[in-house]
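Since every read-out is calculated from the coordinates, none of them should be taken as a lab result. Every value quoted in this text rests on a predicted model; they were computed, and no experiment measured them. When we count neighbours, we look across all protein chains shown, and the Cβ atoms used for this are built from the backbone with ideal geometry, even at glycine.
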Amino acid sequence: MGQIVLKSATLPGLDGNNRVVDVLIEGNRFSRIAESGIEVPAGAEVVDCSGFAIFPAFYNGHTHAAMSLLRGYADDMPLQKWLQEYIWPFEAKLTGADIEIACRLAFLEMIKSGTVFFADMYWHRERTIKVVEEMGIRAAVGVTFAELLMTPEQIEDNFNFLAAHTGESERVCLAVAPHSVYTVGEALLKRCADFARAEKFLVHTHLSETLKELEDCERQYGCSPVRLLERAGMLDSNLAAAHCVHFSDDDMKAFVDSGATAVLNPNSNLKLASGIPPIDRLLRAGAKVALGTDGDSSNNNLDMHEEMKLAALLAKVQGGAETLPAHDALKMATVNSARAYGLLDAGEIREGFLADCLLVNLNNERMVPRHNLVSNWVYAADSSCIDSVICNGKFVMRGRHVDGDEEIIREAEACAKRLAAN
Ligand SMILES: [Zn+2]
């Protein structure tokens, strides 16, 4: 079992009081955190952290990792046109090998911006799982259902893949991922919900993202997307619903009562002009709220720090300057996203919790002066302040270096160029 001692790290308190601590990581967990110093076990690696603050790593509650190759391919148009005329035709050309290249680029980007976990919804899940294992991070890999784009055989194959728990491991779990109410019909939504409940999977979907989705749903089913999920038996505490931009008061009540988590993606919503997620209303109603980036093609990056800051700022415009203080915005991007995907012992620097953390450079100009480190981290810093990233007790970035980064970038550029050309 690997042992690491993070020596003399600054542990920022949510109340503004910081502690200088030694942190012992044994295997994949924080086993001891002490101000008085820790006796270094024989064979443990000691890392001098006197210039660093230790923060929880980010957990990205909604993305499409392999869409990294579509960054900048089509911008500045509404969601439906963007999907139907650009994104879906490009995606139809992606092979399994392309997906691996795309995932490496995405995971490099995640690691460099401090993210150690993502909830994914995409195709070629085996390839995604393979690269997650290779690069040392965590994922809830969504097995994606989009009836419009799939054959009946592919749908059966999805259920078989899930039933066998294919590819699950210490760092990888699977989720049932019906894409949305506009790509999956009511009968299949119901089957996904029943299956997830019986087999104890979490469900990850898109919900109430655009007004068009609401209008079409109303026309086709005579109810809102939230009520349709309820009718299908999907609206419960095992649901992580991305976007949640357009909720009526009735939707809000049904959603909050169900215990589902709203995974907000404000950058993507603003860029696609889908709307502004009702952060203040969700919080006032008592909803569980987490954050995600959505894909690289609609954000156009996977930087959870940007998402966290934007969520805090939008919440203030909606509810006043006291709404969503820095420490709560940080929780949305860390522990709340982890919990939404069943990681109940992650997202905080706590004894017994999974050893996922960031070493943030206290001497970066954005972290000075140090009146309040949590405030600096949420409102002033950016991902370049992150020196090192630890996931599951192992460094995945050290001194801003990630193994293989140059080759990952070279391969991704060549692959995207080839795909765009034919
Ligand atoms: Zn999405």
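Ranked highest first by average number of other Cβ atoms within 10 Å, how do 111-121, 129-139, 70-80 line up?
Numbers: 111-121: 26.5, 129-139: 20.6, 70-80: 15.1.
Packing proxy ranking, top to bottom: 111-121, 129-139, 70-80.
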With θ set to phi - 60° and the Karplus curve 6.51 cos²θ - 1.76 cosθ + 1.60, what are the ³J(HN,Hα) couplings of region 152-169 in order, to the nearest whole Hz, using x for Gly and Pro? x, 5, 5, 5, 4, 4, 4, 5, 5, 4, 5, 4, 8, 6, 4, x, 6, 7
5 Å is the cut-off here: which amide hydrogens, built 1.01 Å from N in the peptide plane, fall below it relative to Y122, excluding neighbours closer than 5 in sequence? G142, T144
Considering all projection directions equally, how large on average is the shadow of the alpha-carbon convex hull of the chain, in square nanometres? 19.8
Sorted by Cβ neighbour density within 10 Å, fewest at the top, the residues R219, R281: R219, R281
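Which entries of K190/K253; K316/K394; K271/K316; K81/K130; K93/K200; K112/K394 show an alpha-carbon separation above 26 angstrom in the structure shown?
Numbers: K190/K253 21 Å; K316/K394 37 Å; K271/K316 19 Å; K81/K130 32 Å; K93/K200 33 Å; K112/K394 15 Å.
Result: K316/K394; K81/K130; K93/K200 exceed 26 Å.
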Would you look at the GNM of the chain, springs on alpha carbons closer than 10 Å, and say which of E365, E147, E109 moves the most? E365
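Fewest Cβ neighbours within 10 Å first, please rank S248, S208, S297 accordingly.
Values: S248 13, S208 28, S297 24.
Sorted ascending by nearby Cβ count, the order is S248, S297, S208.
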Spin-label pair Q80/D403, simplified geometry with 7 Å Cα→Cβ offset, distance in nm: 4.8
Name the residues whose placed amide hydrogens come within less than 5 Å of the amide hydrogen of A74, ignoring near sequence neighbours (fewer than 5 apart) on the same chain. none
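Order by neighbour count: E307, E406, E45, fewest other Cβ atoms within 10 Å first, most last. Intermediate results must be reported in sequence, preceding the final value.
Numbers: E307 29, E406 8, E45 12.
Final ranking by Cβ density, sparse to dense: E406, E45, E307.
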Given the options H64, H165, H243, state which has the largest fluctuation in a GNM of the chain using a 10 Å cut-off (strictly under) for Cα springs. H165
Between 0 and 90°, nearest 10: helix 125-135 axis offset from the chain longest Cα axis: 10
If you find the alpha carbon centre of region 58-72 and of region 236-284, how far apart are they in angstrom? 19
Amide H to amide H under 5 Å from R29: which residues, 5+ apart in sequence or cross-chain, H placed 1.01 Å off N in plane? A355
Once phi for every residue in region 257-264 is put through the Karplus expression 6.51 cos²θ - 1.76 cosθ + 1.60 (θ = phi - 60°), the whole-Hz ³J(HN,Hα) values, with Gly and Pro written as x, are 4, 6, x, 5, 9, 8, 9, 8
Over what distance in Å are the Cα centres of region 95-156 and region 357-422 separated? 20
